[in-house]
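The values are calculated or read from the model by the stated rules, or taken from the named source; none is laboratory data. Just so it is clear, the structure is predicted and the values come from calculations on it, not from any experiment. When we count neighbours, we look across all protein chains shown, and the Cβ atoms used for this are built from the backbone with ideal geometry, even at glycine.
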Amino acid sequence: TVAPKLVAKGAGIIADKIKEIAREKNIPIIENKPLARTIYKTLKLGQVIPRELYTAVAEVLSYVYKLKKKVLN
């Protein structure tokens, strides 16, 4: 199994641009500030999510997949 990796990160104007692009591409935006802050402070772009964050990231991904399934049905 391949672990998820960080493909974008930013603060301020950069974060706003990332969210704008996500909206344009119909990518769900999930707010989890503690997780976002931890990822922002500890990971570099392209880095795999560390095991310590698997549970929190899995919860977000599970929610996103459920949203996607709802939209497709």
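Some points to look at:
- Residue count for region 27-45 satisfying the condition of being modelled with pLDDT under 95 and over 13 Å from the mean Cα position of the chain (by Cα): 0.
- Any hit, region 42-55, residues being in contact (Cβ under 8 Å) with a residue 24 or more places away in the chain, under 13 Å from K5 (Cβ atoms) and among the β-branched types (V, I, T): yes
- Among residues that are of a type in the set (F, W, Y) and at pLDDT 90 or above, Y54 is included.
- Answer residue from region 1-26, given it is under 19 Å from A58 (Cα atoms) and without any contact (Cβ under 8 Å) to a residue 12 or more places away in the chain and is nearest to the chain's Cα centre (by Cα) among those: V2
- Failed condition for I29, given (1) in contact (Cβ under 8 Å) with a residue 24 or more places away in the chain; (2) part of a loop (DSSP other than H, G, I, E, B): (1)
- Filter result (surrounded by 10 or more Cβ atoms within 10 Å (Cβ to Cβ) and part of a helix (DSSP H, G or I)) within region 32-51: L35, A36, R37, T38, I39, Y40, T42
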